[in-house]
1. Just one of the numbered conditions (1) in contact (Cβ under 8 Å) with a residue 40 or more places away in the chain; (2) within 16 Å of ligand 1 (Cβ to nearest atom); (3) under 16 Å from the mean Cα position of the chain (by Cα) is not true of Val74; which one?
2. Kindly indicate whether Thr98 is of a type in the set (S, T, N, Q), open to solvent by less than 20 Å² (accessible area, probe 1.4 Å) and under 22 Å from Trp137 (Cα atoms).
3. For the subset of segment 111-145 comprising residues that are of a type in the set (Asp, Glu) and modelled with pLDDT of 95 or more, which member is least open to solvent (accessible area, probe 1.4 Å)?
4. Filtering segment 92-119 down to residues that are in contact with a Pro (Cβ under 8 Å, 6 or more places away or on another chain) and assigned to a helix (DSSP H, G or I), which residue is farthest from ligand 2 (Cβ to nearest atom)?
5. Would you check which residues across segment 174-191 are open to solvent by 20 Å² or more (accessible area, probe 1.4 Å), part of a helix (DSSP H, G or I) and touching an Asp or Glu at 6+ places or on another chain (Cβ under 9 Å) and list them?
6. Restricting attention to segment 90-100, does a residue exist that is closer than 15 Å to Leu188 by Cα and more than 15 Å from ligand 1 (Cβ to nearest atom)?
7. Determine which member of the set Leu189, Leu171 is at pLDDT 95 or above, within 13 Å of ligand 1 (Cβ to nearest atom) and in contact with a Cys (Cβ under 8 Å, 6 or more places away or on another chain).
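The values are calculated or read from the model by the stated rules, or taken from the named source; none is laboratory data. What you are looking at is a predicted structure, and each value in this text was computed from that prediction instead of being measured. Methodologically, a virtual Cβ is constructed for each residue, glycine included, from the backbone with ideal geometry; neighbour enumeration extends over all protein chains shown. These area figures cover heavy atoms from the full protein model, side chains too; ligands, DNA and RNA do not enter into them. Shrake-Rupley method; radii C 1.70, N 1.55, O 1.52, S 1.80 Å.
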Amino acid sequence: MDTALKKSLIEDCAKMIIAHADELTALDQAIGDGDHGVNMKRGFESILADADALAARPLPDMLKAIGTQLVMKVGGASGPLYGTLFLTLAKEISDQPTSENLKAAFAAAFEAVKARGKSDVGQKTMLDVFAPVLAAWDDRSGIAAHLSETARQAADATIPMKAIRGRASFLGDRSIGHMDPGARSSSLLIATIAKHFGA
Ligand code: ADP
Ligand code: MG
């Protein structure tokens, strides 16, 4: 992966999150404490400011630095979870990844987030986006054309779910009827990454 591609990936992901910060805040206001947009914006602004230096690193180092920034800057529950995702990708991805390597790395990262969050699919979290995206990846080799649509639909599918993990779980049945903020931020990131690979 060349430096220019890495840089545009970083910039587009960061800009996507920053542009949707108000929406993420509104989602978190409905079923959480209203900080998800601000949290994610703070993390991705710091990553955006560092885009040139990050993109110049080999891919695993770049992912490790991004994971570390997310842990330090995002905070809340989602910072350590997104941090774990990127730090695991960093460990598993090679500098010139094949599509098989990418998928295996994402599968490992998904398991690491589950372990870190003591959470699983069906609990109205970001995992409810990662799981269907991983499953859709099985259908074809490489980044499947439908990954961004899968992610979008998976975020929508958290609306009728009852939250079992995270702050939203304190609301019990009142969490039903709202999209999970972390599922939405995950779907935005996945759609942006998928677009880069022609999906
Ligand atoms: P906080 O809940 O501490 O305010 P954020 O608002 O930044 O943190 O992030 C909330 C999001 O984090 C949720 O919408 C959900 O997707 C995700 N999340 C919270 N707890 C968990 C968990 N245990 N496992 C997986 N994801 C979680
Ligand atoms: Mg919150």
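1. Of (1) in contact (Cβ under 8 Å) with a residue 40 or more places away in the chain; (2) within 16 Å of ligand 1 (Cβ to nearest atom); (3) under 16 Å from the mean Cα position of the chain (by Cα), only one is false for Val74: (1).
2. Working: of a type in the set (S, T, N, Q): yes; open to solvent by less than 20 Å² (accessible area, probe 1.4 Å): no; under 22 Å from Trp137 (Cα atoms): yes.
In short, no.
3. From segment 111-145, those of a type in the set (Asp, Glu) are 111, 120, 128, 138-139; that's our starting set.
Imposing the further condition that a residue be modelled with pLDDT of 95 or more reduces the set to 111, 120, 128.
On the way: Glu111: 97, Asp120: 71, Asp128: 9 Å².
Checking each candidate, the answer is Asp128.
4. Residues of segment 92-119 that are in contact with a Pro (Cβ under 8 Å, 6 or more places away or on another chain), as a first pass: 93-95, 105, 116.
Retained after the next criterion (residues that are assigned to a helix (DSSP H, G or I)): 105, 116.
On the way: Ala105: 27, Arg116: 17 Å.
Of everything passing the filter in segment 92-119, Ala105 is farthest from ligand 2 (Cβ to nearest atom).
5. Residues satisfying the conditions are Arg184, Ala191.
6. As a first pass, look at segment 90-100 and keep what is closer than 15 Å to Leu188 by Cα: none.
Within segment 90-100, not a single residue is closer than 15 Å to Leu188 by Cα and more than 15 Å from ligand 1 (Cβ to nearest atom).
7. Details: Leu171 fails: in contact with a Cys (Cβ under 8 Å, 6 or more places away or on another chain).
On inspection, the qualifying residue turns out to be Leu189.
Yes/no per residue for (1) assigned to a helix (DSSP H, G or I); (2) over 21 Å from Met179 (Cβ atoms); (3) open to solvent by 60 Å² or more (accessible area, probe 1.4 Å):
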site: Lys7; (1), (2), (3): yes, yes, yes
site: Ala14; (1), (2), (3): yes, yes, no
site: Leu27; (1), (2), (3): yes, no, no
site: Gly34; (1), (2), (3): no, no, no
site: Arg42; (1), (2), (3): yes, yes, yes
site: Met62; (1), (2), (3): yes, yes, no
site: Gln69; (1), (2), (3): yes, yes, no
site: Ala90; (1), (2), (3): yes, yes, no
